Structures are given as C-alpha cells and as structure tokens.
Amino acid sequence: MAFLAAVSACTKSNPAQPSTASSGVSPDSALTASIGAPRPAQPANNAQIRNLDQPVTLVAQNASVTKPGAVTYTFEVASDAAFSSKAQTKDGVAEGSTGQTSVRLDALAPGADFYWHVRASGGGTTGVFGASSKFTIGPAIIINPPTPVRPLTGAQTDGRPTFTVANAPRQGPAGAITYKFEIATSASFSPALVTAIVAEVSGQTQTSFTPAADLPATTTLFWRATAIDQADGLTTSPTATHSFFTALAIDLSKVVYLKGPNLSAWRETGRIISVEQDGNAATGGPMCISFTDPGWPDAKWIYAGPNDPPDFGIYGNQWYFANIGGTWYAGPGEWLYRGAATCKAGQGTSTIGPDSGFGEPFSSWRPKPGELVGYAVSASARALPAMATVQERTNVVVQPWHDSSLGLSAGTVRKK
C-alpha cells in the first residue's frame, strides 16, 4: 500500500506527464484520421453514355473516416487507365449526406472512353484513390436543317402544291428523321394554317408533303420545314421561309355557277392527272381531262332518240371555269360515258363559250392564249335534278389556254 501511494504521488507531481483532461484536448482529436477509399457507384463500369446525355454526373460511395470533421472529395477523369492524361479534376467536393457524394462534370469529348476514380480528405489526412471505373461517351449526332426545293419564293401554285425539301444532312448515328412542314398566311407562322409531320423514306434524298385540302385561293402564303430526330431529342432550326402565291387556285365558294350545282359543296373523290387542250378549230378543239375515276354510277340518258339504246347512261361531266371581269364563272360542259375516251371535241377558242349553253357572260367568252382557265370533272351534274347520282367531283386545275393556230402548241400539264 505504501508503495502504490508513492507511485501515485510521483505521477501527480511529474510535469513531464501532461494530462489530456487538464489540457482540454479530446482523445479523438489527438489521433491521426484513418480514411478508406471511396468506391465508384454511378455510372456503372463500362457504361455507354449518349453524347446527348451529357453532362455526366459521377457518384461515389462515401469513404469511411475515423476522425470526425468535414470531408471533401477529389474526382479525377482521364482518357487512359493510368490517369496520365487527365481530362478533368473536380477538387474540394463536399461530402454528400445520403451516403454518396456526386459531382457534375463539364462536357467531355464525344466518341471516346474515359476512366475515373475518387479519393477523400478529412481530419488533416488525404486518403488514396479507390478503384477506377470506365465509361464511354457516344459519338456526336449533328443534324442540319433541310433545304427547300419547291415551291420557292415567287412561285405560283394551285390550291394543293407539293412542298419538297432536300433531306437534312447529318453526322453520327441519328435516329429516324421526320419533317415538320408549316404553312401560314404570315412569315411569323403564328398561327400556322397547316402543320404536318412526314417521315423520311429510307433511300430517298427528298421528302415531300401535299395538303389534304385546298389552300386559300389567290393568296400569298409562307412555308418552312424542320427536321426532327425524336429518339435523340434533336430538332433543327427551320429552313429559310419561302412565299408563294396560289394564283392557280379557285375559291369554289365564290364562283358564279351559270349551269349546274354549286360544286364547292360536292365531295372531292377524284384527282386530275392531266389536262390537254388545243383551241385550234382545225384540230377539232380537243379537250382531254384525264383523272382518277372513283367509279361514279351511271345516270340514264334522258335525251335518247327513238333509235338510241334504252339503257344508255353517262357518268360524268367536264367542267370549265372562266375568269371574266375578275369573277370566276363555271358550269358543267361535255358529257362522259363508259368506254369512251376522256377527250371531247368542239372545245375550241371560238366555240367553247358559245357551245357551253351556260348563258352570258360565258357564251360571249373567248379565251386568249395564255389566259388561266379552270377544269374539273364531276359525276352527272348538267341536267339536275334529272340524271342525278352522287355529289362527287375531282379537284379543280387551273392552267393557261393553248391554241396552236395562234402560234402556241397544244400543251399538257400533268398533276402530281
């Protein structure tokens, strides 16, 4: 007992043995921190990342640190596994509170492999870098705007022109491309009159769109197109805006119908393929209107003579439209019957007006070479209400009048 007391007294009186309790320093703070290596968490090793999905966010599992206090992380990204060629370094990243720490990288070069690792620092100690992980940035995808082909500024069109663009040039593994066509009454496209999405066809160099309904007649309109790679979230800027004038279109609701019905109320079920005519009387004044026949039913012919077949029928009429004094006049002209050609004679420059039977001012009309004249075909329409069948028609085509006797050869205009 005396020996123990002596030792105790000696220890208390020895100034070379400092007491941590009396100095106010905790036992933990006197220790050197031990820091484990953080582990990569995201992206997964060997991950393939689209260039479009940049910037990349790196996520690491927090390191184990034996000494309390602030912990920061250093992320290194390199183009080689030895980290001799560093692409980015993110230092002093504060530790996350959820057990993981993340950092958002700057954009990296596309089409390349990258390696990354991370280390932690805290309590005056810097740990070692943990295991590295690899990811690959995919190639860049670049899509340039398409190029307008037709109609270009200043063009005169019918009511349903076909809008065509040269397909958008691209680089990289682009997805399927679609094109947004916009048509408007103003260059601001607010609002758009027509908007349509058309898929690019593999192997084709151009993409086209034709409206399903007539555009406003005799109106200046504007159009543009935009290429879209929906899978990759890419949209180009629009093409240059082009304007066109629907001079070759007729507003059927404003036509004065001298004979026959108001054609604007009839359903369009056929399309004109071509119109060929020659006002030259020496050639018979042929008028040939080729069209897609929807199979309109026949109407029994009411003008049959005693020796005519009793079951003879007609299925349609050619229509003519004349702009006289700034007003469009129209009526159904020649009859069409099964088995006959779509050409009718007697529609010459000097005879088409008087022979029409429409009355004035059409009966005095004599078209001039180059004058715009309209053409259509409908189901039986001239002798209504007799001989009525279905109320269906083709589109209306407007083209210049031809007369080979006046030095202008007969022309054919084929419609798309």
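The values are calculated or read from the model by the stated rules, or taken from the named source; none is laboratory data. Please read all numbers here as calculations on a predicted model, not as lab measurements. We place every Cβ from the backbone using ideal geometry, glycine too, and count neighbours over all the protein chains shown.
Do the conditions hold for Ser243, that is, is it modelled with pLDDT of 95 or more, touching a Leu at 6+ places or on another chain (Cβ under 8 Å), outside the structural domain of Pro400 (by TED's automatic domain parsing) and of a type in the set (S, T, N, Q)? The answer is yes for Ser243.
When Asp355, Asp278, Asp298, Asp293 are checked against the criterion of being more than 46 Å from the chain's Cα centre (by Cα) and charged (D, E, K, R), Asp355 stands alone in meeting it.
Checked against (1) on the phi < 0 side of the Ramachandran plot; (2) under 44 Å from the mean Cα position of the chain (by Cα); (3) part of a loop (DSSP other than H, G, I, E, B), Glu360 meets all criteria but (2). If you check Ala388, Ala376, Ala340, Ala381 for being at pLDDT 95 or above, more than 42 Å from the chain's Cα centre (by Cα) and of a type outside the set (Val, Ile, Thr), only one passes: Ala388. Selection of the range 243-264 for residues being under 32 Å from the mean Cα position of the chain (by Cα) and of a type in the set (A, V, I, L, M) yields Ala247, Leu248, Ala249, Ile250, Leu252. Within the range 59-75, the residues that satisfy the criterion of being surrounded by fewer than 19 Cβ atoms within 10 Å (Cβ to Cβ) and either basic (Lys, Arg) or touching a strand residue (DSSP E or B) at 6+ places or on another chain (Cβ under 6 Å) (or both) are Val59, Gln61, Lys67, Gly69, Thr72. Kindly indicate the residue of the range 250-293 that is part of a strand (DSSP E or B) and among the small types (Gly, Ala, Ser) and also surrounded by the most Cβ atoms within 10 Å (Cβ to Cβ) among those meeting that condition. The qualifying residue surrounded by the most Cβ atoms within 10 Å (Cβ to Cβ) is Gly270.
Quick check: anything in the range 186-206 more than 30 Å from Gly138 (Cβ to Cβ), part of a loop (DSSP other than H, G, I, E, B), aromatic (Phe, Trp, Tyr) and free of Cβ contacts under 8 Å to residues at least 60 places away in the same chain? Yes: the range 186-206 contains one or more residues that are more than 30 Å from Gly138 (Cβ to Cβ), part of a loop (DSSP other than H, G, I, E, B), aromatic (Phe, Trp, Tyr) and free of Cβ contacts under 8 Å to residues at least 60 places away in the same chain.
Assess whether Trp296 counts as being of a type outside the set (Lys, Arg), part of a loop (DSSP other than H, G, I, E, B) and in contact with an Asp or Glu (Cβ under 9 Å, 6 or more places away or on another chain).
yes
Could we say that Pro161 is in contact with a Pro (Cβ under 6 Å, 6 or more places away or on another chain), farther than 17 Å from Asp229 by Cα and part of a loop (DSSP other than H, G, I, E, B) here? It is true that Pro161 is in contact with a Pro (Cβ under 6 Å, 6 or more places away or on another chain), farther than 17 Å from Asp229 by Cα and part of a loop (DSSP other than H, G, I, E, B). For the range 213-242, taking the residues that are of a type in the set (S, T, N, Q) and more than 30 Å from Trp319 (Cβ to Cβ), the one that is nearest to the chain's Cα centre (by Cα) is identified as Thr226.
For the range 105-113, does any single residue satisfy the condition of being over 24 Å from the mean Cα position of the chain (by Cα), assigned to a strand (DSSP E or B) and within 19 Å of Tyr73 (Cα to Cα)? No: zero hits. The residues listed here are Ala63, Ala37, Ala81, Ala44; of these, the one that is assigned to a loop (DSSP other than H, G, I, E, B), touching a Phe, Trp or Tyr at 6+ places or on another chain (Cβ under 6 Å) and modelled with pLDDT of 80 or more is Ala81. Candidates in the range 78-135 are the residues that are surrounded by fewer than 16 Cβ atoms within 10 Å (Cβ to Cβ) and charged (D, E, K, R); of these, the one that is farthest from Arg39 (Cα to Cα) is Asp106. Quick one: count up the residues across the range 369-389 that are among the hydrophobic types (A, V, I, L, M, F, W, C) and closer than 28 Å to Thr218 by Cβ. Looking only at that region, the number is 6.
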